[in-house]
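The values are calculated or read from the model by the stated rules, or taken from the named source; none is laboratory data. The model shown is predicted, which means the values in this text are computed figures rather than measured ones. Here the Cβ positions follow ideal geometry from the backbone for every residue, glycine too, while neighbour counts run over all protein chains shown.
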Amino acid sequence: MRKRRAILSDGDDTHVIWPSFTDVMSTMALVLFVLMLLAYVRNLVSAKRLEALGHQIDVSQHQLGDLRSEIVTARAALADSRAKLQDREAVVQQEARELDTLHGQLESIAVIRVTVLNKLKAAIEEQLGASRPGVTNLVSIGDNGNIVVNESLVFETNSYAIKPEARPTLDALAKALANVLADPETRANIDTILIQGHTDDRGSAAFNWDLSAKRATAVLDYVFHADRSLADSYGSFFAASAYSKFRPINPAENEDAYRQNRRIEIAVVAKDDNVRRIIDAYSHAPDTANATDAAAPVPPGAP
């Protein structure tokens, strides 16, 4: 910085140095330049930061837009899934109702055989009670569902000739069978009444097959002659079958077991047409909505 010597006042020899106006202005200009430069640099940095921040905001807005689009899509998919789930739940509930209906129908068909057996048992007991007063528990329904006439001495050992003391029981059996088959509703649900012959386990299998077959045939022939309506009106319902020694009631090897095993059983085979119709109607239903109507109950004995 340039300096000038000041004019000396009288009697004062001190040198006073004063900056020139140009120097002051130059200094101020330099300071202003530095300040402006700093402001420019600061503004430039701020602009860069703002630009980067703006870019980040643009990216974030774009991502937010994508996220909103995904949320809208997800909500639509969720709504569609809920609608499908509700439809599926409705279908499941409908199918559950249909299965309940089918189960009830099949259960009612299963009850038919038990009902027929109970009717036949009651009719036999009534006829036997009338023919043999004071004698009870002459018939029972076995574990296999067959009616067992508790008359252990229908035949002599190794014989298929009906003993005289068994004839009242068989006469009552004939009347009971006729009474049961006279009921149209009951008859409509019976396919076959099997007269089964059984022997004890003594003797050869071939001998016992022949003996059990002859015993079943002898009983069926006897009841047909005892009540002509059985053969004339209901003969097509009956069949004789032989089981030889292979279905014993009592597996023991003693005289009491032998007497129990030498027996005649009556098996009632219920018609399964209704069962087949119900299942076929359910299986071939055109759609779920119509399945219930298709599987409507079929009246017993319906064609």
Report summary line: The condition of being closer than 22 Å to Ala270 by Cβ, of a type outside the set (Val, Ile, Thr) and modelled with pLDDT under 90 holds, among Asn137, Asn189, only for Asn189
Query raised in the report: Looking at segment 216-257, which of the residues that are polar (S, T, N, Q) and closer than 30 Å to Ser204 by Cα is modelled with the lowest pLDDT?
Result: Asn250
Query raised in the report: Looking at Ser244, is it among the polar types (S, T, N, Q), surrounded by 18 or more Cβ atoms within 10 Å (Cβ to Cβ) and in contact with a helix residue (DSSP H, G or I) (Cβ under 6 Å, 6 or more places away or on another chain)?
Result: yes
Report task. Return a yes/no flag: does segment 254-264 have any residue that is surrounded by fewer than 16 Cβ atoms within 10 Å (Cβ to Cβ) and assigned to a loop (DSSP other than H, G, I, E, B). Result -> yes
Query raised in the report: Tally time: how many residues in segment 88-117 are modelled with pLDDT under 75 and of a type in the set (S, T, N, Q)?
Result: 3
**Report entry** Counted residues, segment 201-232 - those being farther than 12 Å from Lys175 by Cα and of a type in the set (Val, Ile, Thr)
**Finding:** 2
Query raised in the report: Counting residues that are among the hydrophobic types (A, V, I, L, M, F, W, C) and under 22 Å from Arg262 (Cβ atoms), which helices (runs of 4 or more DSSP H) fully inside segment 161-240 reach at least 3?
Result: 167-181, 205-226
